[in-house]
Structure formats: C-alpha cells, structure tokens
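Colleague: Take a look at the following structure, please.
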Amino acid sequence: MNRILLILIAGLVMMTACSSDKTDSAKNAGVDKVYTLEELLSDEFTNTGDKVTIEGLCIHVCAHSGKKMFLAGKDADNKLQIFTSDVISAFDKKYEGSTLRVVGTLEEEKIDMNYIKEWEEELAAEAAEVGEHACEFEDNMNRIDLLKDKIAKSKKGYISKYTMTGVEVKEM
C-alpha cells in the first residue's frame, strides 16, 4: 500500500508499452491521438479501458525483470507506470533516457476520500502497534494531506492514478 502511494505521490503514473519490431505504434493500433502525460492527468481525460498512445521520457526500466517502466512528462512529478503484456516480454534497459511513444490499455484507480480514510486508519493501526510515530508515519501523513488538497481541487471529486499495459513501444 505504501509503495503504491509513494508512486502516486511522486506523480500520477503515465502509460507506456514496448514492441520488438518498433513499428509505428499509433498507425498499427489504429490510435490517432498521441497524449502527453499532462493531458492524461487532466480532469478532462476519459479514455480509460481503451487503447491509447502516450508519449513521454522513459525515466526507469526495472533492472530485475524489465516487466515495468516509468514515463515522465514535462513536470517530473507526472509519471506513468507501464507494465509488459503478452505481446511484450520485457522492456529494454536502453529505453532509459529516451522519449518513447507507447500504445497500450490504461487502467484507472480512483483516489477519493474513502481511500484516504482507509489509508489513515492503516497508518494509525501500524503506529499503535509500534507505540511511536516514525519518520515514515509523518511522511505518509504529509502525503495524505497533499492528496486531500488535490482531491478537493479536482472537478471530479477524486484524483486518478493510471497504469498502462503496453503492447507497442517506439523510440522517438
């Protein structure tokens, strides 16, 4: 839970995918619009569950398995976590530092006040077990406060955390 929230706080994760043949992912998938991470994270974005094309800077490829990577937008806090699919066995470590165009399916997790309440209860229970507040507890409470502010400012009444299952990747 904490790992997921750390990723969320660092920035809402954007989408990516990879392909060994490196063909034009938008043309092959029939996806015309190429979204930026900033567009994806806007309150107006609604294409979850559909194949979409996202472009961003690859800031990390998992060194252990290559099964996930992260794209960043213009603002380094805007990130998208991308997972491999049955079409892509692993992302190549050489993608790090490259601008990528990724086609894949987005999944949305809605972070609302109920989610925040559950997280706060988990943190309180953990703190009660330990008997003191550790630095990690304070850091998490600060993250919760930031999320509460973002939720309050959102037109939707929640914030979206996106992940993507990629089917094609092209270096730009």
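The values are calculated or read from the model by the stated rules, or taken from the named source; none is laboratory data. On a predicted model such as this, the values are computed, not experimentally measured, just so you know. Backbone-built Cβ (ideal geometry, glycine too); neighbour counts: all protein chains shown. Calculation scope for accessible area: heavy atoms of the full protein, side chains included, ligands and nucleic acids excluded. Shrake-Rupley method; radii C 1.70, N 1.55, O 1.52, S 1.80 Å.
Colleague: Keeping to segment 87-137, report how many residues are in a helix (DSSP H, G or I) and either open to solvent by 60 Å² or more (accessible area, probe 1.4 Å) or modelled with pLDDT of 90 or more (or both).
Modeller: Residues meeting the conditions: 19.
Colleague: Taking residue 151, is it part of a helix (DSSP H, G or I), at pLDDT 85 or above and closer than 26 Å to residue 54 by Cα?
Modeller: Yes, satisfied.
Colleague: Any residue at all in segment 71-82 that's in a helix (DSSP H, G or I), among the hydrophobic types (A, V, I, L, M, F, W, C) and either surrounded by fewer than 19 Cβ atoms within 10 Å (Cβ to Cβ) or at pLDDT below 90 (or both)?
Modeller: Checked segment 71-82: no residue is in a helix (DSSP H, G or I), among the hydrophobic types (A, V, I, L, M, F, W, C) and either surrounded by fewer than 19 Cβ atoms within 10 Å (Cβ to Cβ) or at pLDDT below 90 (or both).
Colleague: Quick one: would you say residue 66 is part of a loop (DSSP other than H, G, I, E, B) and at pLDDT 90 or above? So that I can check it myself, show each step before the final result.
Modeller: On the way: part of a loop (DSSP other than H, G, I, E, B): yes; at pLDDT 90 or above: yes.
Yes; evaluated as a whole, the condition is true for this residue.
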